[in-house]
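One structure is given below, encoded as structure tokens.
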Amino acid sequence: MNITESYLSRAELWMLITTITYFLMNGAQIFETTVLVPKWTGNPPESFSLLADKNGTSLKTFWIIFHSLHELTFILAIAFCWKLEGLRNGLLILFVVHFAVRVWTLTYFAPNIIEFQKISEGLISPTDLVKRANLWKALNYIRVGIFIAVSIGLVPLLLKLINLKQN
């Protein structure tokens with residue numbers, strides 16, 4: 001298979017973009033996990049008021065845009081590295097892990113945070129809030145850790161691509 005310098009340059013560009021985007025996303029997740037999550041899980045249901053859209057701390061739009069942008073760059077990195085079997089396979093494995101955590105986010109984390117927001121707005125009655133908020137917080141540490149592991153996994157792939165390009 002003929003791999004041109006141009007092909008490697010485009011592959012490197014999209015690998016770099018998705019790696020940087022993933023690390024930026026992790027920075028936002030680490031900030032949210034260390035600063036915001038302890039505040040809103042601290043004293044439910046009173047602390048849930050921090051989640052209300054009216055208070056401006058809802059990060060729903062931010063995360064929808066950021067994840068959409070990142071997933072687009074991730075898919076483009078896979079597409080532009082497709083001819084490079086080792087990179088392609090590594091990217092596909094990382095993307096499967098990423099996708100599994102996104103499914104977990106959409107099936108567990110998002111519905112619970114939406115319910116916590118509704119509780120703060122008085123729209124539904126609270127049940128087992130301290131236990132549920134603490135479980136959400138504990139599982140979030142695992143989720144963020146997996147996202148960090150995926151971003152770290154991108155680094156050797158990027159370095160491998162840079163090495164290919166230099167040879």
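Taking the Cα centre of the chain as origin and assigning +1 to Lys and Arg Cβ atoms and -1 to Asp and Glu Cβ atoms, the resulting dipole is close to 160 debye. Between helix 129-166 and the chain there is an angle of about 10 degrees, using the helix long axis and the longest principal axis of the Cα atoms.
Our analysis of the range 5-166 gives Rg over Rh at 1.08, with the two radii drawn from alpha carbon positions and Rh computed by the Kirkwood formula. Applying 1/(1 + (r/R0)^6) with r as the Cβ-Cβ distance of Val35 and Leu106 and R0 = 35 angstrom yields a FRET efficiency of 0.90. Taking Cα atoms, how many degrees apart are the long axis of helix 110-120 and the longest axis of the chain, rounded to 10 and kept between 0 and 90? Here the helix axis deviates by roughly 30 degrees. Structural descriptor for the range 5-166: relative contact order 42 percent, calculated from alpha carbon pairs under 8 angstrom and at least 6 residues apart.
Axis of helix 60-80 versus longest Cα principal axis of the chain: the two differ by about 20°, to the nearest ten degrees.
None of the figures in this text is laboratory data; all of them are computed from the coordinates on show. Quick caveat, the model's predicted, so the values are computed rather than measured. Cβ atoms come from the backbone with ideal geometry, glycine included; neighbour counts cover every protein chain shown.
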